[in-house]
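Student: Below you'll find the structure I mean.
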Amino acid sequence: MGGILPEVILKNDHPLCYTALKQNFAKSMNKITQRSYSTTISAQLTEAGITPLMARIYAARGIDAATQLNTDIKRLLPFDTLLNATKIAGLLVDAIQAQKKLLIVADYDADGATACAVAVRGLSILGAQVDFIVPNRFEYGYGLTPEIVRLAKQSAPDIIVTVDNGIASVEGVAEAHRLGMQVLVTDHHLPGDTLPDAECIVNPNQPDCQFPSKNLAGVGVMFYTLMALRAELRQRGAFKDCSEPNLGKLLDLVALGTVADVVKLDENNRILVQQGLQRIRAGRCCAGIQALLQIARRPIAQATTYELGFIVGPRLNAAGRLEDMSLGIRCLLTDDAAEANEIAAKLDALNHERRSIEADMQDSALSALDTFDPAASFSLALFNEDWHQGVIGILASRLKDKFHRPVIAFAHSKNGELKGSGRSILGLHLRDALDLVSKRHPHLILKFGGHAMAAGLSILDEHLADFRIAFESVCAELLDAESLVKTITTDGSLDTNEFSLDTARELQNQVWGQGFPEPLFTGDFEVESQRIVGEKHLKLKLRSAAGSLDAIHFFSTEPALKTTQVVFSLGINEYNGSQTLQLIVRHRT
């Protein structure tokens, strides 16, 4: 294990000098706050027929009119506001009419897998000849690299279509052109200084794109591309003798990829997710999603964003992390229930293996960090000879949650390179931080990319120590003291009548996620009883003015105090066919 980041010495007048930081951290590792909201807007929402509790929850999340909660598919932003959507549609129709071969080049995460499945299914029903490949992350790395282009050439496509990647593939696009192939890029990642010379780029985050939602996932961009393609086919008279294909059939996949990629659930994304969830709950989703839910023993009729983000998504991602994401894509493409069940079983087994590897890696990391004091550092950059390259992103996320510091975990890659996967905290845009490191120390980072909260990079083994110092220095410069205290934001307390199954069901039926967080509440309780269940969870009986309430604190065995402040969400416990209210404890003091 590489050692902990060296201490950064700051001058006493630095706003984050070591002494001040340590005192601040010691004072409170966690701060519980209540989300603010406009009582005027809350009252207006109540007048529109929304319950008082939901009205203040929505008002605290930026909803100022009941119409913003309308998830009718007709309220989606129009595709023609997405730069180059009409252009790519024309190119695709020309390709379809000329019977050209299209090859989808996908990313190896859940967004990439769903985007690939949407592309293959959608383009096929719209008349295209289409196949796909997905890079093995261990052999080819991320994106449309020259190596992947050469592999793609073996399938003899006329046109490469990227999904969830391509915006940074300057060299890959050039290689495709050299080999006689055109490239159409669909992506959502932030562009670099230079755009690839592709025939067309559709990306809401590219320069000059006026699309109001910059938060489309890769699968969302592909879905919009298909809407534009269908409109272009309609304009050219392709459906005068037949009915138009229903692209709504793809919304289960769009919802899954959108939630799994943890993009912000703005109004447009909430429509996509809600529409997809409705299809899943009605049993009208693809065989693969059904199989993945069934093998995890989750009732399809009650599927929520939790099932998409924490049940189905990780099982798909396990294929890309440990083997080859083509297995996950095949699961999403098959219409044969037996085949879907067989693949889902393999994905479930891979996920169990991934969890075992992750647990071992986390144990080794925490052992090495046994004496680590978060107050002494602004970041963590760790490496272990035995870590698995496909799981370092999850490890970084776990350590970030534990220590509330930006974390980059490294594993061996190839040719003396280390591959790093990072996760950040609010207050530090991780891609921008890496960009700053790269500009100040051009020799340190071979390549990097990502978002505000997650990024990846490659460095040479010999540069690890120097990178640690440079990354720590940038984090110390960019982070302020407030960002370094983990804040638990709640929606306040509940009235006694709001501790009910009806409230829990109403909350469960909403679309919650990144940027539109699931409500958390806080309250003071007396602990009537407590016991360990399943060897690692604390089952509680709590009492308040609302009466005696069941509660559970998952993955915690530390006994609760007789009187405790609890941050919780409302859950539903199902046992022997009956449902009861259960508080899901997220934090307690």
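The values are calculated or read from the model by the stated rules, or taken from the named source; none is laboratory data. Here the structure is a predicted model, which means the values were calculated and not measured. Using ideal geometry, Cβ is built from the backbone for each residue, glycine included, and neighbour counts are taken over all protein chains shown.
Student: So how many residues does segment 514-555 have that are within 27 Å of Leu53 (Cβ to Cβ), of a type in the set (Gly, Ala, Ser) and touching a Lys or Arg at 6+ places or on another chain (Cβ under 8 Å)?
Tutor: 3
Student: I'd like the residue in segment 231-267 that is over 20 Å from Ala119 (Cα atoms) and in contact (Cβ under 8 Å) with a residue 40 or more places away in the chain and, out of all such residues, is surrounded by the fewest Cβ atoms within 10 Å (Cβ to Cβ).
Tutor: Per the criteria, the residue is Arg236.
Student: Moving to a separate point now. Listed residues Ala198, Ala176; which is crowded, with 21+ Cβ neighbours inside 10 Å, in a loop (DSSP other than H, G, I, E, B) and in the same structural domain as Gly328 (by TED's automatic domain parsing)?
Tutor: Ala198 is the lone residue from the list that is crowded, with 21+ Cβ neighbours inside 10 Å, in a loop (DSSP other than H, G, I, E, B) and in the same structural domain as Gly328 (by TED's automatic domain parsing).
Student: Further question on the same structure: Among the numbered criteria (1) closer than 18 Å to Thr71 by Cα; (2) hydrophobic (A, V, I, L, M, F, W, C); (3) in contact with a Phe, Trp or Tyr (Cβ under 9 Å, 6 or more places away or on another chain), which one does Ala255 miss?
Tutor: All conditions pass for Ala255, except number (3).
Student: In the set Gly523, Gly450, which member is buried (at least 20 other Cβ atoms within 10 Å of the Cβ) and either in contact with a His (Cβ under 6 Å, 6 or more places away or on another chain) or modelled with pLDDT under 95 (or both)?
Tutor: Answer to the selection: Gly450.
Student: Any idea which of Glu307, Glu323 is of a type in the set (Asp, Glu) and closer than 18 Å to Phe138 by Cα?
Tutor: Glu323
Student: If I ask for residues that are more than 30 Å from the chain's Cα centre (by Cα) and surrounded by fewer than 16 Cβ atoms within 10 Å (Cβ to Cβ), which ones from segment 545-557 would you list?
Tutor: Hits for segment 545-557 are Ala545, Gly547, Ser548, Asp550.
Student: Looking at (1) in a loop (DSSP other than H, G, I, E, B); (2) free of Cβ contacts under 8 Å to residues at least 40 places away in the same chain; (3) over 23 Å from Arg315 (Cα atoms), which one does Leu366 not meet, given that it meets all the others?
Tutor: The single condition Leu366 does not satisfy is (1).
Student: Do you know which residues across segment 75-129 are charged (D, E, K, R) and either in contact (Cβ under 8 Å) with a residue 24 or more places away in the chain or outside the structural domain of Val202 (by TED's automatic domain parsing) (or both)?
Tutor: Within segment 75-129, Arg75, Asp80, Lys87, Lys100, Lys101, Asp107, Asp109, Asp111, Arg121 qualify.
Student: A further question follows. Looking at segment 534-544 only, could you name the residues that are within 30 Å of the chain's Cα centre (by Cα) and either assigned to a strand (DSSP E or B) or within 30 Å of Ala301 (Cβ to Cβ) (or both)?
Tutor: Correct list: Gly534, Lys536, His537, Leu538, Lys539.
Student: What do you reckon, is Val262 out of contact with any Asp or Glu (no Cβ under 6 Å at 6 or more places or on another chain), assigned by TED's automatic domain parsing to the domain that holds Leu92, part of a loop (DSSP other than H, G, I, E, B) and within 18 Å of Val511 (Cα to Cα)?
Tutor: For Val262, the condition - out of contact with any Asp or Glu (no Cβ under 6 Å at 6 or more places or on another chain), assigned by TED's automatic domain parsing to the domain that holds Leu92, part of a loop (DSSP other than H, G, I, E, B) and within 18 Å of Val511 (Cα to Cα) - is met.
Student: Suppose the filter is in contact (Cβ under 8 Å) with a residue 24 or more places away in the chain, in contact with a strand residue (DSSP E or B) (Cβ under 7 Å, 6 or more places away or on another chain) and not in a loop (DSSP other than H, G, I, E, B); does Gly456 pass it?
Tutor: The answer is yes for Gly456.
Student: If you don't mind, there's one more thing I want to ask. Are any residues in segment 295-343 of a type in the set (Lys, Arg) and under 30 Å from Arg505 (Cβ atoms), and if so, which ones?
Tutor: Arg297, Arg298, Arg315
Student: Quick one: is Phe555 assigned to a helix (DSSP H, G or I) and out of contact with any Pro (no Cβ under 7 Å at 6 or more places or on another chain)?
Tutor: When the stated conditions are applied, Phe555 does not pass them.
Student: Also: Examine segment 269-287 for a residue that is under 19 Å from Asp107 (Cα atoms) and in a helix (DSSP H, G or I), and state whether such a residue exists.
Tutor: No; the residues of segment 269-287 include none that is under 19 Å from Asp107 (Cα atoms) and in a helix (DSSP H, G or I).
Student: A further question on this structure: In segment 246-290, which residues are of a type in the set (Val, Ile, Thr) and at pLDDT 95 or above?
Tutor: Val254, Thr258, Val259, Ile271, Val273, Ile280, Ile289 - these are the residues of segment 246-290 that are of a type in the set (Val, Ile, Thr) and at pLDDT 95 or above.
Student: Looking at (1) surrounded by fewer than 22 Cβ atoms within 10 Å (Cβ to Cβ); (2) within 25 Å of Thr194 (Cβ to Cβ); (3) touching a residue at least 60 places away in the same chain (Cβ under 8 Å); (4) of a type outside the set (Val, Ile, Thr), which is the only condition Asp158 fails?
Tutor: Here Asp158 clears every test but (2).
Student: Of Ala228, Ala198, which residue is farther than 24 Å from Ile125 by Cβ and of a type in the set (Gly, Ala, Ser)?
Tutor: Exactly one residue qualifies, and that residue is Ala198.
Student: What tally of residues in segment 493-516 results from selecting those that are crowded, with 16+ Cβ neighbours inside 10 Å, assigned to a loop (DSSP other than H, G, I, E, B) and of a type outside the set (S, T, N, Q)?
Tutor: Of the residues in that region, 4 qualify.
Quick grid of which residues meet (1) more than 26 Å from Lys447 (Cα to Cα); (2) at pLDDT 90 or above:
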| residue | (1), (2) |
| --- | --- |
| Glu358 | no, yes |
| Leu366 | yes, yes |
| Ala376 | yes, no |
| Asn384 | no, yes |
| Ser397 | no, yes |
| Lys400 | no, yes |
| Val407 | no, yes |
| Ala411 | no, yes |
| Gly416 | no, no |
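Student: Search segment 309-324 for residues being touching a Leu at 6+ places or on another chain (Cβ under 8 Å) and under 14 Å from Ala117 (Cβ atoms), and hand back the single one that is surrounded by the fewest Cβ atoms within 10 Å (Cβ to Cβ).
Tutor: Gly313
Student: From the set of residues in segment 418-433 that are more than 22 Å from Phe138 (Cβ to Cβ) and buried (at least 18 other Cβ atoms within 10 Å of the Cβ), which is modelled with the lowest pLDDT?
Tutor: Arg431
Student: Quick check: anything in segment 459-478 modelled with pLDDT of 95 or more and part of a strand (DSSP E or B)?
Tutor: yes
Student: Quick one: is Val170 of a type outside the set (Lys, Arg), crowded, with 18+ Cβ neighbours inside 10 Å and assigned by TED's automatic domain parsing to the domain that holds Leu151?
Tutor: no
Student: If you go through segment 355-363 one residue at a time, do you hit one that is among the basic types (Lys, Arg), part of a helix (DSSP H, G or I) and buried (at least 18 other Cβ atoms within 10 Å of the Cβ)?
Tutor: Scanning segment 355-363, I find no residue that is among the basic types (Lys, Arg), part of a helix (DSSP H, G or I) and buried (at least 18 other Cβ atoms within 10 Å of the Cβ), so the answer is no.
Student: Answer yes if at least one residue in segment 55-75 is in contact with a Ser or Thr (Cβ under 9 Å, 6 or more places away or on another chain), under 30 Å from Phe521 (Cβ atoms) and part of a loop (DSSP other than H, G, I, E, B), and no otherwise.
Tutor: Yes, because at least one residue in segment 55-75 is in contact with a Ser or Thr (Cβ under 9 Å, 6 or more places away or on another chain), under 30 Å from Phe521 (Cβ atoms) and part of a loop (DSSP other than H, G, I, E, B).
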